[in-house]
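The values are calculated or read from the model by the stated rules, or taken from the named source; none is laboratory data. If you're wondering where the values come from, they're calculated on a predicted model, not measured in any experiment. Positions of Cβ are generated from backbone atoms using ideal geometry, with glycine treated the same way; all protein chains shown enter the neighbour counts. Remember, those area values only see protein heavy atoms, side chains included, never the ligands or the DNA or RNA. Shrake-Rupley method; radii C 1.70, N 1.55, O 1.52, S 1.80 Å.
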Amino acid sequence: MSRLLLINGPNLNLLGSREPQIYGDTPLTRIEAAAASEAAQLGHQLDCFQSNHEGELVERIQAAAADGTALILINAGAYTHTSVALRDALSAVALPFIEVHLSNVYARETFRHRSLLSDLAAGVIVGFGPLGYRLAVIAAHQQLSA
Ligand code: CA2
């Protein structure tokens, strides 16, 4: 059994209530529950955390280094494209992480094509909506079993 941590960044708490044409109509709580259930089926525990604040996201990543987390799944939202602080935190804790995006960022504005996290990630899943989180849990299981 490994402990996995799912982190969601800014505005992802709005899922299901706004812009369903881009982000779908599934609330974050349902996405988290489905990912946790997938993790449990694979014998893992999934902790979930969402914040709209960069510093809180950094602090949760730092805490993961000391709480037994084996791997982080992260959708950093817009901070993906801007945050050197999140990149530095992920680099500092040296835990493997998988980057997830609901939308296909490469089919959207050019500023979304650059991620400050991807080159440090074990892998990146984009464009599959909520399914991407379950795929990320399966990929995490594979990584931890390898
Ligand atoms: O596709 C993704 O998962 C993104 O990480 C979502 C971010 C966006 O800035 C990234 O470029 C790609 C935005 C999350 C905003 O979530 C909302 C959800 C519902 C309504 C409005 C925003």
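Test A89 against the stated conditions and say whether it is open to solvent by 30 Å² or more (accessible area, probe 1.4 Å) and of a type in the set (A, V, I, L, M). So A89 does not fit the description; no. Note on the stretch 90-146: residues that are over 14 Å from the mean Cα position of the chain (by Cα) and among the polar types (S, T, N, Q) amount to 6.
Scanning the stretch 92-113 for residues that are outside any helix (DSSP H, G or I), more than 13 Å from the ligand (Cβ to nearest atom) and surrounded by fewer than 21 Cβ atoms within 10 Å (Cβ to Cβ) gives A94, L95, P96.
Filter the stretch 119-134 down to the residues that are more than 10 Å from the ligand (Cβ to nearest atom), part of a loop (DSSP other than H, G, I, E, B) and open to solvent by less than 30 Å² (accessible area, probe 1.4 Å) and list them by number. Scanning the stretch 119-134 gives a single hit, A121. Inside the stretch 58-84, residues that are touching a residue at least 40 places away in the same chain (Cβ under 8 Å) and away from the ligand (no atom under 13 Å from the Cβ) make up a count of 9.
Which residue out of L73, L86, L116 is of a type outside the set (G, A, S), assigned to a loop (DSSP other than H, G, I, E, B) and out of contact with any Pro (no Cβ under 9 Å at 6 or more places or on another chain)? Spell out the reasoning first.
Values: L73 fails: assigned to a loop (DSSP other than H, G, I, E, B); L86 fails: assigned to a loop (DSSP other than H, G, I, E, B).
Only one candidate qualifies: L116.
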